[in-house]
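The values are calculated or read from the model by the stated rules, or taken from the named source; none is laboratory data. The structure displayed is predicted, hence computed values, not measured ones. Neighbour counts are summed over all protein chains in view; Cβ atoms, including those assigned to glycine, are modelled from backbone coordinates with ideal geometry. Remember, those area values only see protein heavy atoms, side chains included, never the ligands or the DNA or RNA. Shrake-Rupley method; radii C 1.70, N 1.55, O 1.52, S 1.80 Å.
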Amino acid sequence: MRSLLTAAAISLAFTLFLTPAFLRLFRAWGWGQVIRTPENIHNPSHGAKRGTPTMGGTIFIAGTIVGYLVGSFTGNNPPTISGILVLWMMVGFGAVGFIDDYMKLRRQRSLGLEGWPKVIGQVLVTVPFAIVALNLPNSVGQTPASAYISVFRDVPGLWFMALGPIIGWLLYLAWISLIGVASSNSVNVTDGLDGLAAGSGIFVVGAYSLIAFWQVQQVCTNVASAVQSACYGTRDPFDLAIISASFVGALVGFLWWNAPKAKVFMGDVGSMAIGGVVAAMAILTRTELLLVLVAGVYVIASGSVILQRVYFKLTRGKRLFLMSPLHHHLEMRGWSEITIVVRMWIIAGLLAVSGVGFFYVEWLTRA
């Protein structure tokens with residue numbers, strides 16, 4: 001417990017108190033937000049945000065790493081392969097976002113990496129994650145990830161390797177890549193208003209920290225206290241709780257400066273890093289399909305974009321929303337930015353709590 005609380009406190013202090021120092025560096029380096037022209041036309045208030053320091057995701061990425069390492073070692077819980085894999089996804093996806101942001105700053109346009117190059121970069125991060133996660137068993141044979149599709153735990157009948165090792169591995173890699181790419185891009189789409197993605201991320205990752213912490217005492221190797229029919233096959237659940245708590249602490253400190261009116265934007269480096277952590281936590285806690293509910297606020301944003309495009313093609317030019325994603329549609333309807341953000345936070349909290357609630361109820365039905 002000391003490791004978890006220390007990790008969260010250190011990462012919170014890092015982003016809360018050191019962000020002003022980072023912002024001075026960002027201004028000196030010319031890291032100012034570039035506003036997309038079409039968006040600026042439809043949302044004139046966004047034009048005032050031009051020049052606000054961006055790429056602030058680097059701050060909470062650094063804060064998470066510092067908090068996690070300090071918390072782990074001070075509490076005598078050294079990092080495990082599971083925690084390192086979460087860091088890999090956070091830093092790897094953040095690096096893809098950093099390249100995207102840097103290209104925008106260099107060109108002074110809102111066009112960075114194009115669609116497919118960005119997806120390829122994300123896949124190059126998820127594939128090594130997937131391979132390592134299925135190949136490093138501990139002393140009792142548990143690997144960080146599994147070759148099963150999971151909801152609250154692995155679903156016995158949904159095993160990729162039942163189709164043979166080659167096809168099974170290809171399907172497994174495709175599945176993990178889909179989760180990573182979808183999660184990262186969904187958070188990226190949500191990051192359009194001050195504090196929206198960061199505040200929602202606190203609820204989503206916080207829910208996964210609770211899930212991992214609950215799994216600690218119900219893990220299948222803990223024969224003394226686990227009910228075998230309800231135990232979890234998660235490897236290193238306490239370390240997953242530590243790393244997610246550290247990330248939540250870093251987001252809380254960052255939100256102090258990112259809440260409306262934002263003093264700093266997270267940029268794609270931040271939104272993609274959040275998506276990487278969410279995807280990694282879902283995969284490593286064996287709750288992949290539950291992700292749709294726990295991270296439902298991000299699903300709503302990306303889903304509205306998909307619906308807009310499908311409807312536009314089917315109706316040959318008509319639009320379902322005034323503008324996508326949904327939060328920009330609400331802006332066009334006259335909602336104030338702060339109203340949208342707070343209400344989306346409420347939705348994020350309700351969906352995250354619902355996910356944790358279903359997770360617990362499922363355990364009760366087995367215990």
Inter-residue pairs, beta-carbon under 6 Å, first farther than 30 Å from ALA147 by Cβ and in segment 179-198, second acidic (Asp, Glu) and open to solvent by less than 20 Å² (accessible area, probe 1.4 Å), 6+ apart: none
Near pairs, Cβ below 9 angstrom, 6+ apart or cross-chain, from segment 55-67 (closer than 15 Å to PHE93 by Cα) to any residue that is open to solvent by 10 Å² or more (accessible area, probe 1.4 Å) and hydroxyl-bearing (Ser, Thr, Tyr): MET55/TYR102
Looking only at segment 122-158, and only at residues there that are assigned to a strand (DSSP E or B) and modelled with pLDDT of 95 or more, the one that is least open to solvent (accessible area, probe 1.4 Å): SER150
Number of positions in segment 334-357 that are over 18 Å from ALA198 (Cβ atoms) and in contact with a Leu (Cβ under 7 Å, 6 or more places away or on another chain): 3
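Given the residues SER246, SER271, which is the only one that is within 14 Å of SER200 (Cα to Cα) and either among the β-branched types (Val, Ile, Thr) or in contact (Cβ under 8 Å) with a residue 12 or more places away in the chain (or both)? Let's see the steps before the verdict.
On the way: SER246 fails: within 14 Å of SER200 (Cα to Cα).
Answer to the check: SER271.
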Matching residues in segment 44-54 - criterion: being in contact (Cβ under 8 Å) with a residue 24 or more places away in the chain and open to solvent by less than 30 Å² (accessible area, probe 1.4 Å): LYS49, THR52, PRO53, THR54
Close pairs from segment 71-96: first over 19 Å from SER209 (Cβ atoms) and open to solvent by 10 Å² or more (accessible area, probe 1.4 Å), partner of a type in the set (D, E, K, R) and assigned to a helix (DSSP H, G or I), Cβ under 8 Å, at least 6 apart: VAL96/LYS118; VAL96/ASP268
Matching residues in segment 296-310 - criterion: being of a type in the set (Gly, Ala, Ser) and either in contact (Cβ under 8 Å) with a residue 60 or more places away in the chain or more than 17 Å from GLY199 (Cβ to Cβ) (or both): ALA301, SER302, GLY303, SER304
Any hit, segment 331-344, residues being assigned to a loop (DSSP other than H, G, I, E, B) and in contact with a helix residue (DSSP H, G or I) (Cβ under 9 Å, 6 or more places away or on another chain): yes
Residue that is modelled with the lowest pLDDT [pool: residues in segment 223-234 that are touching a helix residue (DSSP H, G or I) at 6+ places or on another chain (Cβ under 8 Å) and either open to solvent by 30 Å² or more (accessible area, probe 1.4 Å) or among the polar types (S, T, N, Q) (or both)]: VAL227
Cβ-Cβ under 6 Å pairs, at least 6 apart or on other chains, segment 354-366 side open to solvent by 100 Å² or more (accessible area, probe 1.4 Å), far side modelled with pLDDT under 95: ARG366/SER229; ARG366/ALA230
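Quick one: would you say THR365 is assigned to a helix (DSSP H, G or I) and at pLDDT below 95? Lay out the reasoning, then the answer.
On the way: assigned to a helix (DSSP H, G or I): yes; at pLDDT below 95: yes.
Yes: the conditions hold for THR365.
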Flag if ALA348 is open to solvent by less than 40 Å² (accessible area, probe 1.4 Å), at pLDDT below 95 and under 22 Å from the mean Cα position of the chain (by Cα): no
Any hit, segment 171-183, residues being open to solvent by less than 20 Å² (accessible area, probe 1.4 Å), within 27 Å of TRP256 (Cβ to Cβ), touching a Leu at 6+ places or on another chain (Cβ under 8 Å) and not in a helix (DSSP H, G or I): no
Test: LYS318 is surrounded by fewer than 13 Cβ atoms within 10 Å (Cβ to Cβ), more than 21 Å from the chain's Cα centre (by Cα) and assigned to a loop (DSSP other than H, G, I, E, B): yes
Failed item in (1) out of contact with any His (no Cβ under 6 Å at 6 or more places or on another chain); (2) more than 30 Å from GLY253 (Cα to Cα); (3) in a loop (DSSP other than H, G, I, E, B), with VAL310 passing the rest: (3)
Residue in segment 2-32 that is modelled with the highest pLDDT, counting only those that are open to solvent by 80 Å² or more (accessible area, probe 1.4 Å) and aromatic (Phe, Trp, Tyr): PHE17
